[in-house]
Amino acid sequence: MKLAICPDATAARTVAARVIARQIRKNPASVLGLATGRTMEAIYRLLARDHAENNLDFAGVTTFNLDEYVGLPGTHNQSYRYYMQTHLFDHVNVTPAKTHVPDGAATDPDAEAHAYDTSIAASGGIDLQLLGLGENGHIGFNEPLSALTSRTRVVTLDRATLEQNAGMFGGNPEKVPARALTMGTGTILEARETLLVVTGAAKAGILARVVEGPLSALVPGSALQLHAHCLLVLDEAAASAL
Ligand code: GLP
C-alpha cells in the first residue's frame, strides 16, 4: 500500500481527481471502476471541471460502478445510477453505452450480478478502481464477514450501513433498501490499480484497521493489503490513528 496523506479533505480530493485524470489521459480507452458516497462528490466535480476547462475526454472510457441498491431503478433519486448521472455522467462526454451500474431493478438480481461480473472480465478488466470506505470497513457493499474471494453478488446490508446511509433516505434506516448488488472483494482485487480515498476523523479508527490491522474478513478493506498497486489518498484527520 502507498499512502498519500494530504493536509485536508479538499487536498485529498484534488489528488484523487488528478490520479483518475492522469489515467484517462494516459489511456483514453481506460476501464474505470467507480464508487459513490459523499466522499466522491467533490472528486467528480473536479473531473467535470477538468473536462470543461481542459477537454478531459471521457468518450472512450468504460466505467463499472461498484454497487447498487436492489429494488431501486436507475430513475430513483437515491439509486447509484442516478447519483452517477447527476454527479458525473451528465457533465462530461461519456458514451452512455460504456457506463455500467448494476441494475437494481433486475427481475433476477443473482443473474444480474453474475452477468455484471462477466462483463467486467469481457471488457478486459478494470485499469483503475476508485474506492471509498464504509465506517464498518466495507468496500463497495462488501460488509464485514464477506469472503475475501467473493464475486459480484447480492448482499444483505449491515445495520451500520443502513444507519450510515439513512441521511439520503430522510434519516430513516428502515427506508434504506436492505439488499444491494456489489462487486465482490475478489472482483475488486482483480483491478490493475486501486485508489482508496478516505477523509474525516470518523473513519480514522477503521482506516487504521484497514492499513495496520491483520488481514481479516471482519474488515473487508484490509483485503487491499493483498493488492500490489493500491494507493490510499487520505486527509490528516483520517490518518490520525495510524
Ligand atoms: C456507500 C457505498 C460505498 C462507499 C460508502 C462511503 O456505502 N456503497 O462504496 O464507500 O458509501 O460513503 P461516504 O463517502 O458517504 O462516507
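Suppose we filter G124, G140, G132 for residues that are in contact (Cβ under 8 Å) with a residue 12 or more places away in the chain, at positive phi and surrounded by 20 or more Cβ atoms within 10 Å (Cβ to Cβ); which single one remains? From the options G124, G140, G132, the qualifying one is G140. For the condition touching a helix residue (DSSP H, G or I) at 6+ places or on another chain (Cβ under 7 Å) and either at pLDDT below 95 or among the hydroxyl-bearing types (S, T, Y) (or both), T185 qualifies. Just so you know, in segment 44-84 the residues that are polar (S, T, N, Q) and in a strand (DSSP E or B) include one that is farthest from G132 (Cα to Cα), and it is T62.
Within segment 10-27, does at least one residue satisfy the condition of being of a type in the set (D, E, K, R), crowded, with 16+ Cβ neighbours inside 10 Å and at pLDDT 95 or above? Yes, there is a match, as at least one residue in segment 10-27 is of a type in the set (D, E, K, R), crowded, with 16+ Cβ neighbours inside 10 Å and at pLDDT 95 or above. Which pairs have Cβ atoms under 9 Å, sit 6 or more apart or on different chains, and link a residue in segment 31-50 that is of a type in the set (F, W, Y) to one that is within 14 Å of the ligand (Cβ to nearest atom)? Taking only residues 6 or more apart or on different chains, the pairs are Y44/L34; Y44/M84; Y44/H87. Does segment 212-230 contain any residue that is in contact (Cβ under 8 Å) with a residue 12 or more places away in the chain, among the β-branched types (V, I, T) and touching an Asp or Glu at 6+ places or on another chain (Cβ under 6 Å)? Looking for residues that are in contact (Cβ under 8 Å) with a residue 12 or more places away in the chain, among the β-branched types (V, I, T) and touching an Asp or Glu at 6+ places or on another chain (Cβ under 6 Å), one finds none in segment 212-230, hence no.
Just need a number here: residues in segment 97-113 that are over 21 Å from Y44 (Cα atoms) and buried (at least 17 other Cβ atoms within 10 Å of the Cβ). Here the count works out to 7.
For V94, the test of being away from the ligand (no atom under 16 Å from the Cβ), under 16 Å from the mean Cα position of the chain (by Cα) and either surrounded by 19 or more Cβ atoms within 10 Å (Cβ to Cβ) or not polar (S, T, N, Q) (or both) is failed.
Across segment 40-91, what is the total count of residues that are among the polar types (S, T, N, Q), more than 19 Å from P28 (Cβ to Cβ) and away from the ligand (no atom under 13 Å from the Cβ)?
Total meeting the criteria: 4.
Of the residues making up segment 28-40, those that are surrounded by fewer than 20 Cβ atoms within 10 Å (Cβ to Cβ) and over 16 Å from H51 (Cβ atoms) are A29, G37, R38.
The values are calculated or read from the model by the stated rules, or taken from the named source; none is laboratory data. Just so we're clear, the structure is a prediction, and the values are computed from it rather than from any experiment. Positions of Cβ are backbone-derived with ideal geometry, glycine not excepted, and every protein chain shown enters the neighbour counts.
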